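Some notes on the structure that comes next.
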Amino acid sequence: MRKIILVATSLLLFACGGKSTDDLIKEENITELKNRKSDIQAELAKIDAVLNKGDKAEESEALVSVLTLKDTVFNHYLEIQGNINTKENILVQPEFSGTLTSLNVKAGQRVSKGQILGKVDDAGMSQQLASIENQYTLAKTTFERQKNLWDKKIGSEIQYLQAQTQMISAQKSVAHMKAQLAKTLILSPFSGTIDEVFVERGQVVSPSPQGLMRIVNLSNMYVTTSVPETYIGKLKAGTEVDVFLTSLGKTYKGRVRQVGNYINPNNRSFGIEVSVPNPDNLLRPNQVAKLKIIDYTVKDAIVVPTNVVQEDGEKNKFVFIVTNVIGKKGIAKKIIVKVGKSSDNVTEILSGLSANNLIVTEGVNTISEGMKLNF
């Protein structure tokens, strides 16, 4: 309709002016072109006024979605990233250098604390121990006889003391040799799983950066991370933490077990450790974890979806509520609100709304104050 009127207007102007618009443009007749532009704009304004009246007459109620507000618990979270770790993840080293005469485990095997994992050749220390034990037995027998004589006041005190000294010396030699022999045994320092074995039986081994094997215990896992110093008064041992593993798509409930006592001057942060249960043995050292730590809680809060909060030209935050409700219909009303913190796609409302208010959640960008709503 508008196009028809514009064409008619152009023809009218052409008839009245004697020259077409194209002719005026070619002639660069600025004065006449300005006059013609004003006439066209005036005609368009009249047409828009009529069309707008028709639109309002035919205007239908806006279709929206609504939500009844209720008092609820609002939690705000500190979200940071950390790494899964375990203190029981070590490379087993031999205490004695030599040929590995036995290797009793393989990768993937469960072991217990103190279990013998392998043995290094003792280089003849077993025979030395047998000889020293014989010497100790003789020294002990000599001392016992000398003691019996001394108890009967027979013999000299020097003989008694010499026998005692020889026995103690032999006893210490036996203990020392046994301690040296014990170092040829490779023992499990804790219960866990053999993750990798780097050596083979018959190989000459000694302490090295690679070690003999890696043993890991996955039952005592924790997350380490750094927290800004502004949170130092908000975190304490026992604080509950949501630990999300991106690689697993799972969330675990952990607790802060240690809070650092030192502020790193480079980034103004302190370290924490969060213990994490591992019932399915899916956690692994060095996995990346996302932590959500509650740092603010309100028990009876009014919260709304964050996306319904808008801002007007005066920088006021506002939402739309439904008033004059009759059945599934009502009138839109703009309410200025004071917002608090936001978390998990909801925003805390400090003032302006109360429980049982009916707020518009969908269609907020298509409505205005006083508009009829259908929900």
Pairwise Cα inverse-distance average, inverted: Kirkwood Rh of region 21-149 (Å): 28.4
Fully extended contour minus Cα-Cα distance, from residue 219 to residue 268, at 0.36 nm per residue: 14.4 nm
Rough spin-label spacing in nm, given labels placed 7 Å along Cα→Cβ, for residue 281 and residue 259: 3.6
Set of aspartates and glutamates with alpha-carbon distance to residue 236 below 18 Å, sequence-local pairs under 8 removed: 79, 273, 295
Cα-projected label distance for residue 185 with residue 65, points at 7 Å along beta-carbon direction, nm: 6.8
Distance cut-off 17 Å, percentage of C-alpha pairs in region 160-213 lying past it: 60
Phi to ³J(HN,Hα) by Karplus 6.51 cos²θ - 1.76 cosθ + 1.60 over region 326-336, Hz, x for Gly, Pro: 10, x, 9, 10, x, 10, 6, 9, 7, 10, 6
Accessible area per residue in Å² at 1.4 Å probe, computed on region 244-359: 57
Theoretical gain in end-to-end length, residue 157 to residue 334 [0.36 nm per residue, Cα-Cα removed]: 52.8 nm
Rg/Rg_ref, region 175-324, where Rg_ref = 2.2 N^0.38 Å and atoms are Cα: 1.71
Where GluC sites (Glu not before Pro) fall in DSSP loop in region 335-375, at most 13 other Cβ within 10 Å: 369
Where only alpha carbons of region 283-375 are counted, the Rg and the Dmax (Å): 17.2, 60
In region 68-140, GluC sites (Glu not before Pro) in a DSSP loop with at most 14 other beta-carbon atoms within 10 Å: 95
Gain on full stretching of the segment that runs from residue 37 to residue 246 - 0.36 nm per residue minus C-alpha separation: 68.9 nm
The chain: calculated mean residue ellipticity at 222 nm from DSSP helix runs of at least 4, using -39500 (n - 2.57): -9500 deg cm²/dmol
Shape of region 215-303, Cα gyration tensor, a/c cut at 1.5: oblate
Largest-first principal axis extents, alpha carbons of the chain, Å: 153, 55, 40
Unsatisfied cross-links (Cα-Cα over 30 Å) in the set 183/253; 113/253; 106/253: 183/253; 106/253
Å² of accessible area per residue within region 58-201, as computed with a 1.4 Å probe and no ligands counted: 62
Surface share of carbon and sulfur [accessible, 1.4 angstrom probe, percent] for the chain: 51
Label point distance in nm, residue 104-residue 130, each placed 7 Å from Cα along Cα→Cβ: 2.2
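The values are calculated or read from the model by the stated rules, or taken from the named source; none is laboratory data. Here the structure is a predicted model, which is why all the values come from computation and not from measurement. Ideal geometry is used to build each Cβ from the backbone, glycine not excepted, and the neighbour counts take in all protein chains shown. What goes into the accessible areas is simple: the full protein's heavy atoms, side chains included, and nothing from ligands, DNA or RNA. Shrake-Rupley method; radii C 1.70, N 1.55, O 1.52, S 1.80 Å.
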